Every structure is written in C-alpha cells, then in structure tokens.
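Chemist: Next up is a structure, given as structure tokens.
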Amino acid sequence: MNDLKIPPHGVDIRAGSGLISSLSGATSRLCRVSAIGRRSLLVALGLTLLLLYCANSPPIPWQKGWPARRPTEVVLVTGHGFGGEPTFCVRRLSAAVSFQSDPADPQIGFLPGVQNHCWLQELRPEDFDYLSNNDVQRKDKTVFIKLHKRAELYASYARRPPGGVTAVRVRCLPFVYVIGQPKCGTTDLRHRLSLHPRVASGTVWSDAHWWSRQRFPAPSGDVSDRPSGPVSFREYLDSFELVSHRLVGADCGRTGDGRHRPWTPDSRIITVDGSTSTMWDERSLREARRRPALAAEQYPPLAETTAAGLAALQPTARIVAILREPTDRLFSDYLYFNSQRDSEKSADEFHQMAQRAVGMWTNCTRSRTENDCATDRRVIDRLGVRLHVGLYAVYLRPWLQEFGRDQVLVLRTEDHRRNITQSLHALFNHLDIGVPADTVWEEIRTASPKNVRRKSLKHQTMLPETRRLLRDFYRPFNRRLARLLRSDRFLWEDSEP
C-alpha cells in the first residue's frame with residue numbers, strides 16, 4: 001500500500017500568460033536585429049504552446065504511476081451488482097487515502113470499517129483487458145457480459161481522468177473459506193449461508209478451487225476446467241467484482257443517485273469461497289514448489305501449505321470445515337462421482353476398490369510420511385476411491401496451526417442433520433453475522449437439503465465387511481482428530497452401526 005505522495009511537475013497554468021508575455025517581448029527585440037529573429041519568434045511561440053499543453057493535458061494512459069501531478073482528489077469508481085444494467089458512478093475520497101498502486105504489491109492494507117477483506121487499488125488501463133477478457137467467467141455468459149460492461153464503464157473514466165484526479169477501484173477477497181470436505185454437507189451449508197442477508201453471493205463459481213487448483217497449470221492431460229491456462233490472482237479477484245461495492249458500502253444506487261457523494265468505508269456484508277478442495281488438495285502446490293521457475297511466477301507467493309499461504313495474505317480470515325464419519329463419506333463419494341457409471345456401481349465393486357486402496361495406502365506409508373503420500377498425485381490417482389480425503393487429522397492440522405482455534409470452526413455432518421438450528425447458530429456466531437430476523441431465519445432453517453444422493457442410487461448400501469474394513473482403517477486417524485479438536489464427538493462412536 002502506498003500513501004498518495006506524487007511530486008508536482010510541469011508548468012502552473014496561472015503562470016502561462018506571464019510566460020507568453022516575456023517570451024514575446026524577447027522575440028520582438030530579436031526581430032529588429034535580423035531575420036533570424038523572426039524564425040526565433042515562431043520557435044519560441046511553438047515551444048510555449050507545447051509546454052502549456054503538456055502541463056495541462058491528461059497523463060498518457062500507459063504512463064506508469066499516473067497521474068504525475070499532485071492530485072486534487074481521489075475518486076472511487078464503482079457501480080451496482082448483478083441485477084439489471086451496471087450503473088457507473090464516482091464517489092469522492094480524501095486525497096490522503098491509501099491505495100495499492102501495484103497489483104502485485106504483497107502489502108495489502110484492508111479497509112477499516114469493513115468486515116470483509118477489501119482494499120483500494122489504482123485503476124489502470126490494463127485492468128480493462130483482464131476484466132473484459134476473463135476467460136474463466138465465460139462459462140457464465142450473463143456474468144461475463146456484466147463484467148465486460150463494467151470494464152467499459154471503468155475505461156470511460158480512467159483512460160482520460162480529469163486533471164489532478166486519481167481513480168481507484170475496490171478489490172476484495174472472501175472473508176470466509178468453507179474449506180471442506182466433499183460429500184460432508186458443504187453444498188447445503190454454503191446454500192443456507194448464502195440466504196443470510198449479510199452474506200453476498202460473491203463467487204462467480206460455486207466452487208472456485210483457486211487456492212488448490214486453478215492458480216496452477218493443469219495436470220498433464222487435464223484442461224477441462226482451465227480454458228486458457230492457470231487463473232491469475234487478478235482473475236480470481238474479478239469473481240467478487242460485481243459485489244465489491246456492497247462489501248464496502250459504496251453502492252451507487254440503481255439510478256446512480258449516489259454519484260459524487262463523499263464515501264467512507266462502512267459495511268458488515270461478507271462473501272464466501274466454498275471450495276471443498278482447499279483443505280486437502282495440495283497436489284498442485286507440491287508440484288509447483290518443486291519447479292523454481294513456476295514458483296517464482298506465483299502471486300501470492302507459494303508457502304509450504306495452502307493454509308500458510310492463505311494466512312500470510314489474510315491472517316484474520318474465518319475458516320469453516322464440516323466433517324462426516326469417513327467411512328460413510330467415502331461410500332457417498334463413490335456413488336456421487338462418475339455418474340456415467342451409475343448402472344455399473346455396486347456394493348461388491350466398492351468393497352474391492354476399498355480393499356485395494358487401503359492396501360496401497362499402507363504400502364506407501366511404510367516408507368514415506370503420511371503428508372508425502374497424501375500430496376503425491378501419482379499415489380492419490382491410483383487409489384481408485386478417494387480414501388485419503390477422510391484423513392481429516394492429516395489435513396486439518398496446518399489450518400489450526402496457522403489460524404488458531406478461534407478462527408477455525410469444525411462442524412459434524414451428523415450434528416448438522418440432527419439439529420440444524422444449533423449448527424447454524426454456531427456458524428453464524430463464528431462469522432460474527434448474527435441470527436437474522438424471524439422470517440429469514442425460518443427460511444434458512446427449513447430450506448430443502450442440497451446435493452443429496454440421486455434417486456437411482458438410494459437403494460445402494462455398503463457391505464458389513466466393507467464397513468468393518470474402513471472403520472478399522474480410519475479409527476486411528478479419528479482418535480488423532482478427536483485429540484486435535486479436543487472433542488470425543490469426532491470419534492464418531494455415535495455413528496457405529
């Protein structure tokens with residue numbers, strides 16, 4: 001972050017008339033001496049006009065660090081969000097306000113008075129290209145069109161700002177990360193959270209997977225979810241572009257009635273990244289750290305774990321995880337994914353795959369650490385079923401180490417189902433957003449469960465011998481988790497058949 005300290009340069013326009021008068025007198029005396037003086041007069045007048053033009057014309061858009069003169073004011077270029085046509089307006093700030101002038105500056109200062117993690121960034125011409133050509137957003141045509149229009153509105157102001165004005169925009173990261181785990185009720189939790197009036201529907205993707213996957217090159221042979229290569233940090237921030245004004249209390253109003261009014265950051269609205277791979281999937285991080293050239297290109301800088309990298313950027317973020325008895329989670333995972341094979345799935349096939357995965361994992365950990373096996377793509381991809389995702393103690397430890405217990409909430413899927421009221425109270429209190437008014441609260445509490453098992457697979461049950469195999473496998477990990485969280489509920493003894 002940089003305080004606005006731009007040295008003045010150029011010629012004061014108020015001195016222009018005196019300068020012209022002085023030069024004209026000098027050149028007229030030269031004209032009386034010789035014909036060369038007449039040519040000197042023309043040159044002097046031309047230089048004077050050019051000097052005055054340079055002193056008072058807008059800075060060149062691609063000039064680094066524009067504007068070059070000391071600004072008379074800083075303005076926030078903003079709009080309103082998803083509904084209707086984007087509205088463009090300008091809100092005035094103090095010229096002493098701090099903002100980020102370099103998008104790659106690691107020193108981000110979050111705005112005071114705002115619960116979500118947002119900051120101000122100087123609006124530059126290259127931002128328009130990022131915003132209007134964001135390939136990641138093309139999968140949602142409506143959102144892409146609105147981002148493109150927002151870019152056009154930004155460009156209309158920032159390419160030729162009034163003299164002495166710096167234009168800035170709002171940039172935001174999520175305040176909340178629902179980090180996992182898949183098939184544990186994360187979709188339902190995120191949906192109920194989105195119904196809260198203090199939660200903005202901030203992500204363009206339902207699952208961004210930026211910290212664990214999208215920021216890195218796709219694995220060999222897998223480009224389905226990355227249409228044009230890795231997703232940059234700028235593109236990830238664009239996911240929150242259409243709600244950024246709400247997150248800092250800078251809405252123009254749908255008719256633009258807020259334009260030109262003074263603005264002070266003030267908002268209790270937050271947004272959420274609900275990527276269920278954030279807690280456990282560090283395969284791409286592991287590979288990137290082993291390639292120095294690739295690691296050097298990453299922003300924010302890579303850390304040893306995803307938790308450490310996120311904590312370095314957002315040390316006060318709130319973390320939420322919801323965990324399910326791991327044996328049941330694995331069977332649900334097997335039934336849910338690869339839906340094209342639904343007719344071939346069976347309890348016998350699952351038993352064989354579980355046996356094979358347990359054997360492979362046991363062999364790997366005889367000569368390597370659990371963390372090494374859990375982040376090795378070659379090991380994980382050969383398991384057949386995602387046995388490793390249920391090793392909660394392995395994956396959760398770094399999040400508790402980096403953020404502390406006060407910032408990490410861990411719920412149980414079983415408790416969420418049995419007592420939704422208690423589960424949501426714990427969630428809302430953790431996020432400091434409170435329980436909403438009665439009518440909204442009832443809507444959240446009674447919402448239909450999301451992402452349940454497909455009807456065609458409801459008859460599928462696990463074989464008793466498979467359950468015993470997996471219970472025995474996961475038991476030592478559950479014991480470690482219970483000690484880590486200081487709660488015997490995570491032994492899942494109440495879930496024993």
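The values are calculated or read from the model by the stated rules, or taken from the named source; none is laboratory data. Bear in mind the structure is a predicted one, so any value in this text is a computation, not a measurement. Because the Cβ atoms are built from the backbone with ideal geometry, glycine has one as well, and the counts that use them run over all protein chains shown. Ligands, DNA and RNA are stripped out before the accessible areas are found, and what is left, the full protein with its side chains, is counted by its heavy atoms. Shrake-Rupley method; radii C 1.70, N 1.55, O 1.52, S 1.80 Å.
Chemist: Quick check: is even one residue across the range 457-467 touching a Lys or Arg at 6+ places or on another chain (Cβ under 6 Å), modelled with pLDDT of 95 or more, in a helix (DSSP H, G or I) and surrounded by 14 or more Cβ atoms within 10 Å (Cβ to Cβ)?
Modeler: No, the range 457-467 contains no residue that is touching a Lys or Arg at 6+ places or on another chain (Cβ under 6 Å), modelled with pLDDT of 95 or more, in a helix (DSSP H, G or I) and surrounded by 14 or more Cβ atoms within 10 Å (Cβ to Cβ).
Chemist: Looking at this structure, is Val204 open to solvent by less than 10 Å² (accessible area, probe 1.4 Å) and either within 30 Å of Leu294 (Cα to Cα) or modelled with pLDDT of 65 or more (or both)?
Modeler: Considered against the rule, which asks whether it is open to solvent by less than 10 Å² (accessible area, probe 1.4 Å) and either within 30 Å of Leu294 (Cα to Cα) or modelled with pLDDT of 65 or more (or both), Val204 comes out as no.
Chemist: Got a number for residues in the range 170-192 being assigned to a helix (DSSP H, G or I) and not basic (Lys, Arg)?
Modeler: 5
Chemist: Would you mind telling me which numbered condition in (1) touching a residue at least 12 places away in the same chain (Cβ under 8 Å); (2) more than 28 Å from the chain's Cα centre (by Cα); (3) surrounded by 15 or more Cβ atoms within 10 Å (Cβ to Cβ) Ala482 fails?
Modeler: (1)
Chemist: Would you confirm whether or not the range 352-372 contains a residue that is farther than 29 Å from Ala426 by Cβ, crowded, with 18+ Cβ neighbours inside 10 Å and in contact with a Ser or Thr (Cβ under 8 Å, 6 or more places away or on another chain)?
Modeler: yes
Chemist: Before we move on, is Pro162 part of a loop (DSSP other than H, G, I, E, B) and either modelled with pLDDT of 65 or more or touching a strand residue (DSSP E or B) at 6+ places or on another chain (Cβ under 7 Å) (or both)? Break it down into steps so the answer makes sense when it comes.
Modeler: Numbers: part of a loop (DSSP other than H, G, I, E, B): yes; either modelled with pLDDT of 65 or more or touching a strand residue (DSSP E or B) at 6+ places or on another chain (Cβ under 7 Å) (or both): no.
Answer is no for this residue.
Chemist: If Asp432 meets every condition in (1) surrounded by 12 or more Cβ atoms within 10 Å (Cβ to Cβ); (2) assigned to a helix (DSSP H, G or I); (3) acidic (Asp, Glu) apart from one, which number is that one?
Modeler: Result: Asp432 fails condition (2) only.
Chemist: With more than 26 Å from Pro174 (Cβ to Cβ) and assigned to a helix (DSSP H, G or I) as the only criterion, which of Val394, Val389, Val385, Val379 stands out?
Modeler: Val379
Chemist: Can you name the condition, by its number, that Tyr395 falls short on among (1) under 25 Å from Asn116 (Cβ atoms); (2) open to solvent by less than 80 Å² (accessible area, probe 1.4 Å); (3) under 25 Å from the mean Cα position of the chain (by Cα)?
Modeler: (1)
Chemist: Restricting to the range 208-251, count the residues that are at pLDDT 80 or above, under 24 Å from Ala288 (Cβ atoms) and hydroxyl-bearing (Ser, Thr, Tyr).
Modeler: 4
Chemist: Could you tell me which numbered condition Trp361 fails, if it satisfies all but one of (1) farther than 30 Å from Pro315 by Cβ; (2) in contact with a His (Cβ under 8 Å, 6 or more places away or on another chain); (3) not in a helix (DSSP H, G or I)?
Modeler: (3)
Chemist: Can you name the residue in the range 485-497 that is at pLDDT 95 or above and either β-branched (Val, Ile, Thr) or not in a loop (DSSP other than H, G, I, E, B) (or both) and, of all such residues, is least open to solvent (accessible area, probe 1.4 Å)?
Modeler: Phe490
Chemist: Turning to a different aspect of this structure: For the range 365-374, state whether one or more residues are within 24 Å of Thr306 (Cβ to Cβ) and of a type in the set (Asp, Glu).
Modeler: yes
Chemist: Related question: Scan the range 167-201 for residues that are of a type outside the set (A, V, I, L, M, F, W, C) and under 13 Å from the mean Cα position of the chain (by Cα) and jot them down.
Modeler: Correct list: Arg171, Pro174, Tyr177, Ser201.
Chemist: Another one. Which one of these does His425 not meet: (1) more than 19 Å from Arg329 (Cα to Cα); (2) buried (at least 17 other Cβ atoms within 10 Å of the Cβ)?
Modeler: (2)
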